[in-house]
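Have a look at the structure below, then the notes.
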Amino acid sequence: MQLGFMGRKSVPQRVGKHQFQSPPITQTMASQPESGVQQESPQPKINVHGFCISQENASIVNQIVNKYGDISANSTLRLSSLKSPLMEAVVKAVKLLQRLSARNIEKDDLRFIEDVVHDISVAGFKVDWLRYQLSRATLMVDYVDFVNEHDELCMQVKEAEGVLSLLKSERDRVLVKVDDLRAELGDEVDVDGPLAAGIL
């Protein structure tokens with residue numbers, strides 16, 4: 001008899017005098033990958049200058065340490081398990097500054113970098129270099145914002161000048177008509193008096 005319930009072992013079936021054949025193993029639902037869902041394996045970690053860092057970030061950590069030294073040397077943290085996530089956050093901030101321009105960086109990205117600078121500064125990391133890049137990036141974003149605002153105002157002025165030019169042309173046309181009518185009516189033009197004051 002076969003117990004075909006998921007997760008239970010099936011009883012071997014007799015096929016010969018002293019031979020047994022196990023039924024094919026049925027894959028349980030729990031072991032089946034969901035359709036269309038890719039199982040992401042965690043990024044392997046490696047030791048880079050005392051930090052436990054994902055392999056994809058190792059190169060940037062090397063560049064940071066080679067250029068600025070051990071930025072965690074004066075940190076109040078001692079455990080690598082605490083310092084390593086902060087270094088990963090520094091790497092993420094550096095990647096954002098390297099990849100994005102002043103025109104396409106989001107406010108949330110700048111806010112994230114500001115938070116990274118604040119938190120790792122509190123932890124005693126040496127981040128003057130990152131704070132400087134953040135300050136310059138903020139100035140560039142402000143510059144782009146004002147340039148865009150200036151360009152928009154210039155477009156509005158140009159449109160307004162076009163409307164103003166039309167209004168001036170219409171004003172001149174109406175003024176010509178006013179002069180023609182005044183000449184036809186004569187010198188005495190009283191628009192507030194009776195229309196036919198001297199009729200009788």
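The values are calculated or read from the model by the stated rules, or taken from the named source; none is laboratory data. Note that the structure is a prediction, hence the values are computed from the model and not measured. Cβ atoms come from the backbone with ideal geometry, glycine included; neighbour counts cover every protein chain shown. Calculation scope for accessible area: heavy atoms of the full protein, side chains included, ligands and nucleic acids excluded. Shrake-Rupley method; radii C 1.70, N 1.55, O 1.52, S 1.80 Å.
Modelled label positions at THR138 and GLU56, each set 7 Å beyond Cα in the direction of Cβ, lie 2.9 nm from each other. Got a number for carbon plus sulfur as a percent of the stretch 66-200's accessible area, 1.4 Å probe? On the stretch 66-200, the fraction of accessible area on carbon and sulfur atoms equals 57 percent. Its Cα centre serving as origin, the stretch 77-174 has a Cβ charge dipole (Lys and Arg +1, Asp and Glu -1) of approximately 500 debye.
Please compare each pair in LYS83/LYS126; LYS67/LYS107; LYS67/LYS126; LYS45/LYS83; LYS45/LYS92; LYS67/LYS92 to a cut-off of 19 Å on the Cα-Cα distance and tell me which ones are over it. Show your work: numbers first, answer last.
Working: LYS83/LYS126 13 Å; LYS67/LYS107 28 Å; LYS67/LYS126 12 Å; LYS45/LYS83 14 Å; LYS45/LYS92 16 Å; LYS67/LYS92 17 Å.
Listed pairs above 19 Å: LYS67/LYS107.
Between PHE112 and GLU152, the C-beta separation translates, for a Förster distance of 35 Å, into a calculated FRET efficiency of about 0.80. In this calculation the C-beta distance from VAL178 to ASP145 is compared with R0 = 41 Å, giving a FRET efficiency of 0.30. Report the relative contact order of the stretch 41-200, percent, no decimals, based on alpha-carbon pairs under 8 angstrom and at least 6 residues apart. The normalised contact order for the stretch 41-200 reaches 17 percent. Modelled label positions at ALA73 and LYS45, each set 7 Å beyond Cα in the direction of Cβ, lie 2.5 nm from each other. In the context of the full set of protein chains, residues of the stretch 66-164 present 68 Å² of accessible surface per residue (probe radius 1.4 Å, heavy atoms only).
Just the number: Rg to Rh for the stretch 102-151, Cα atoms, Kirkwood Rh, two decimals.
1.08
Across the alpha-carbon atoms of the stretch 78-200, the computed radius of gyration and Dmax are 33.8, 113 angstrom.
Within the stretch 36-129, the GluC sites (Glu not before Pro) that combine a DSSP coil assignment with at most 11 other C-beta atoms in a 10 angstrom radius are GLU40, GLU106.
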